[in-house]
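Working notes, structure below.
The values are calculated or read from the model by the stated rules, or taken from the named source; none is laboratory data. Since we're looking at a predicted model, the values are computed, not measured. Note: ideal-geometry Cβ built from the backbone for every residue, glycine included; neighbour counts use all protein chains shown. In case anyone asks, the SASA skips ligands and DNA or RNA and just uses the protein heavy atoms, side chains included. Shrake-Rupley method; radii C 1.70, N 1.55, O 1.52, S 1.80 Å.
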Amino acid sequence: MVPLASTTVSKQRSERRISVRLPLKVSGRDAHGFAFEEDTSSENLCRNGAAFVTRFDVAIGSDLEIRIPLSQLGSRRVQPERSGAPANGSRFSGARMNETDFATHGRVVHVCDCESGREKLVGVQFTGPRFQRVFRSESAA
C-alpha cells in the first residue's frame with residue numbers, strides 16, 4: 001500500500017510498529033457523522049496503536065472501537081465457547097467475542113490516501129487497553 005497524500009497529528013511514536021496482518025473489526029463514525037462497522041486487517045501494529053486500510057472517510061481525532069479477533073487466527077488455539085456466555089457487550093454484529101480476543105478504543109492520529117483513491121490508510125493510537133501480544137514482523141519472516 002503506497003500512501004499518496006497524508007495528514008498526521010504531529011507527534012513522535014514512542015515504539016516501533018511491527019508489520020503484521022491481523023484481522024480487525026473497526027467501528028465508529030465517519031467524517032460525516034455516519035456510523036460504520038468494517039472488517040479489515042492491520043498493516044502494522046504495536047502495543048500502543050495500529051495502522052489499517054479502510055474504505056470509510058475518518059477524521060483525525062475520531063474515536064474508534066477496534067477488535068482483533070485472535071481466536072480466528074489459525075496459529076492460535078481457539079478457546080471453547082461457554083454456553084450462554086454474552087459476547088462481552090461487543091457492538092460488533094454477529095461477532096462473538098472470545099477470551100483471547102483483544103478489544104480497545106483508539107483515536108485517529110494519521111490518515112493518508114491510498115493509490116486506489118477509494119481507500120485510506122489510518123493510524124490509531126490506542127486510548128483503551130494496550131495490545132500485549134508480541135508478533136514477529138512478516139517482512140522479517
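Working from label points 7 Å from Cα in the Cα-to-Cβ sense, the D39 to Q132 distance is 2.8 nm. Taking 0.36 nm per residue of sequence separation and removing the Cα-Cα distance, the R118/I60 pair yields an extension gain of 19.1 nm. For segment 22-27, putting each phi into the Karplus relation 6.51 cos²θ - 1.76 cosθ + 1.60 with θ = phi - 60° gives couplings of 10, x, 10, 10, 10, 9 Hz, in residue order, rounded to whole numbers and with x for Gly and Pro.
Restricting segment 12-55 to chymotrypsin sites (Phe, Trp or Tyr not before Pro) that sit in a DSSP loop and have at most 10 other Cβ atoms within 10 Å of their own Cβ leaves F34.
Here the accessible area of segment 23-74 is 46 percent carbon and sulfur, with a 1.4 angstrom probe and all protein chains present.
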